[in-house]
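Written out below as structure tokens is the structure these notes cover.
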Amino acid sequence: MEQHGSLACVGLGMMLGAHLSPRSRSHIEQADVVFALVSDPLVELWLQQMRPDVRSLQPYYAEGKKRTHSYREMIEAMLVEVRAGRQVCSVFYGHPGVFASVPHRSIEQARGEGFQAHMEPGISAEDCLYADLGIDPGWFGCQHYEASQFMFYQRRIDPSAYLILWQIGIAGDRSLSRFATGADYRRLLVELLAQDYPLDHEIIAYEAATLPITTPRMGKMPLSGIVEADLRMETTLVIPPSRPMQRNHTMLDRIAALDIERAGGISAPSIQTNQGKQHVECHPVS
Amino acid sequence: MSNVIQFLEAMGRNPGVHGTSAADFAATVALLEIDGAQQQALLDRNPAALNDLLDGRSTMMFYVNTPSPDDHEAIPDDDSDGDGVPDNDEPPLEK
């Protein structure tokens, strides 16, 4: 049975005053209780001006404390208010659903307990990155990984596409309790990346602007340079393609054959898969 | 309400409202009813100085993600093997 309390996780966008959507602003203004996790102290002050009673989630963090513990406590703090029947709005910088497990988890939990919960998107650091760097992810494709996940798990990298690594400032932190790692960890990351990219391949350290009086960071450096570079909590690593895209001649030949068959009015072919052949219904592309 | 934050909000909403040149910006800042130190921090485009003057938080943490979606459940609270590492960190698709 759906209960009275509710949760809205809303995105604030990246830049103070610039990115907040009307719907998210309405949630902030009308909620009974507002929680906030933002990336810039002046942005937090802005939010405090909108809602003087806003509850910052900053106190849940502590050096040496597992972030998973902090996250659980944040979620519980929100859910306590929802269970009490209040309309709760949780504000997150950027987009609340992009590289942000707390909003997803809190919505999942609230719904699991029978409460109404939803997310309002925001302008993310990723969105700003495309605009500031003039990158279109559709040009060559774009892979995104959390930097530590990229190091912990075996991934198949495509060097003909963009590779973007998030949370680079804590790359390699297995304890989930550090605010920064450092050069030794990044040296391992460079070793890993060097399997697919030359060490002198130019990469970009990116940080979105959070205030209208500042500019984004777009620092270019060779791949090897990230070992000693100033990579912070807000830094994202952008690795442009190092190789041209390779045509898939086998697939192109099969598509060409299909085109010829269709032009001749021949019935749809079969698809060759690992599980054998399947008949496919063909429809004209409009 | 802080006039500085109001000014930043207006500037964020409409970057052209205060003109595009440094002189326009300086002229607008000069008209704000704020103290000299805040004016200078704005002219210097110095967020750290502004934050100090406005008593903002000195450090911000804003990681809200973990390397694996499983980490929320899989990491033992008491770190049973003592290495601070999740015992079960297999990605979901491989389970």
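Values computed for the structure shown
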read-out: Residue check, A:Gly141 touching a Pro at 6+ places or on another chain (Cβ under 9 Å), at positive phi and away from every other protein chain (no Cβ under 13 Å); value: yes
read-out: Set A:Leu45, A:Leu57: member being facing another protein chain (nearest Cβ under 7 Å) and crowded, with 19+ Cβ neighbours inside 10 Å; value: A:Leu45
read-out: The one condition in (1) touching a Cys at 6+ places or on another chain (Cβ under 7 Å); (2) in a helix (DSSP H, G or I) that A:Arg23 fails to fulfil; value: (1)
read-out: The lone exception for A:His249 - which of (1) modelled with pLDDT under 60; (2) out of contact with any strand residue (DSSP E or B) (no Cβ under 6 Å at 6 or more places or on another chain) it fails; value: (1)
read-out: Unique match (being away from chain B (no Cβ under 12 Å) and either farther than 30 Å from A:Asp173 by Cβ or of a type outside the set (S, T, N, Q) (or both)) among A:Leu7, A:Leu20; value: A:Leu7
read-out: Filter result (assigned to a helix (DSSP H, G or I) and small (Gly, Ala, Ser)) within the range A:79-110; value: A:Ser101, A:Ser106, A:Ala110
read-out: Qualifying residue in the range A:169-185 (condition: touching a Cys at 6+ places or on another chain (Cβ under 6 Å), buried (at least 17 other Cβ atoms within 10 Å of the Cβ) and at pLDDT 95 or above); value: no
read-out: Test: residue in the range A:165-176 that is of a type outside the set (Val, Ile, Thr), part of a strand (DSSP E or B) and touching a strand residue (DSSP E or B) at 6+ places or on another chain (Cβ under 8 Å); value: yes
read-out: Members of the range A:173-207 found to be of a type in the set (Ser, Thr, Tyr) and either touching a residue at least 60 places away in the same chain (Cβ under 8 Å) or touching a Lys or Arg at 6+ places or on another chain (Cβ under 6 Å) (or both), listed by number; value: A:Ser175, A:Ser177, A:Tyr206
read-out: Residues that are of a type in the set (D, E, K, R) and crowded, with 20+ Cβ neighbours inside 10 Å, drawn from the range A:186-216; value: A:Arg186, A:Glu207
read-out: The range B:30-79: number of residues that are surrounded by 19 or more Cβ atoms within 10 Å (Cβ to Cβ), within 10 Å of chain A (Cβ to nearest Cβ) and modelled with pLDDT of 95 or more; value: 6
read-out: Residues of the range A:94-136 that turn out to be free of Cβ contacts under 8 Å to residues at least 12 places away in the same chain and closer than 17 Å to A:Gly5 by Cα, as a count; value: 3
read-out: Positions within the range A:59-78 being farther than 21 Å from A:Leu7 by Cβ, small (Gly, Ala, Ser) and either touching a residue at least 24 places away in the same chain (Cβ under 8 Å) or part of a helix (DSSP H, G or I) (or both), in sequence order; value: A:Gly64
read-out: Extreme residue, modelled with the lowest pLDDT, among residues of the range A:1-18 that are more than 15 Å from A:Thr214 (Cβ to Cβ) and of a type outside the set (A, V, I, L, M, F, W, C); value: A:Glu2
read-out: Total residues in the range A:194-209, condition out of contact with any helix residue (DSSP H, G or I) (no Cβ under 6 Å at 6 or more places or on another chain) and either among the aliphatic types (A, V, I, L, M) or more than 15 Å from A:Leu165 (Cα to Cα) (or both); value: 7
read-out: Residue tally, condition more than 23 Å from A:Arg67 (Cα to Cα) and among the basic types (Lys, Arg), over the range A:176-218; value: 2
read-out: Residues being within 14 Å of chain B (Cβ to nearest Cβ), touching a Leu at 6+ places or on another chain (Cβ under 7 Å) and among the aliphatic types (A, V, I, L, M) - total across the range A:165-205; value: 3
read-out: Residues satisfying the stated conditions in the range A:177-192, i.e. over 20 Å from the mean Cα position of the chain (by Cα) and either within 24 Å of A:Pro241 (Cβ to Cβ) or assigned to a helix (DSSP H, G or I) (or both); value: A:Ala183, A:Asp184, A:Tyr185, A:Arg186, A:Arg187, A:Leu188, A:Val190, A:Glu191, A:Leu192
read-out: Sole residue being within 11 Å of chain B (Cβ to nearest Cβ), small (Gly, Ala, Ser) and out of contact with any Gly (no Cβ under 6 Å at 6 or more places or on another chain), chosen from A:Ala125, A:Ala100; value: A:Ala100
read-out: Restricting the range A:208-221 to residues that are outside any loop (DSSP other than H, G, I, E, B) and free of Cβ contacts under 8 Å to residues at least 40 places away in the same chain, the residue that is nearest to the other protein chains (Cβ to nearest Cβ); value: A:Arg217
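The values are calculated or read from the model by the stated rules, or taken from the named source; none is laboratory data. From a predicted model like this one, the values you see are computed outputs, not experimental measurements. FYI the Cβ positions are ideal-geometry reconstructions off the backbone, even for glycines, and counts take in every protein chain you see.
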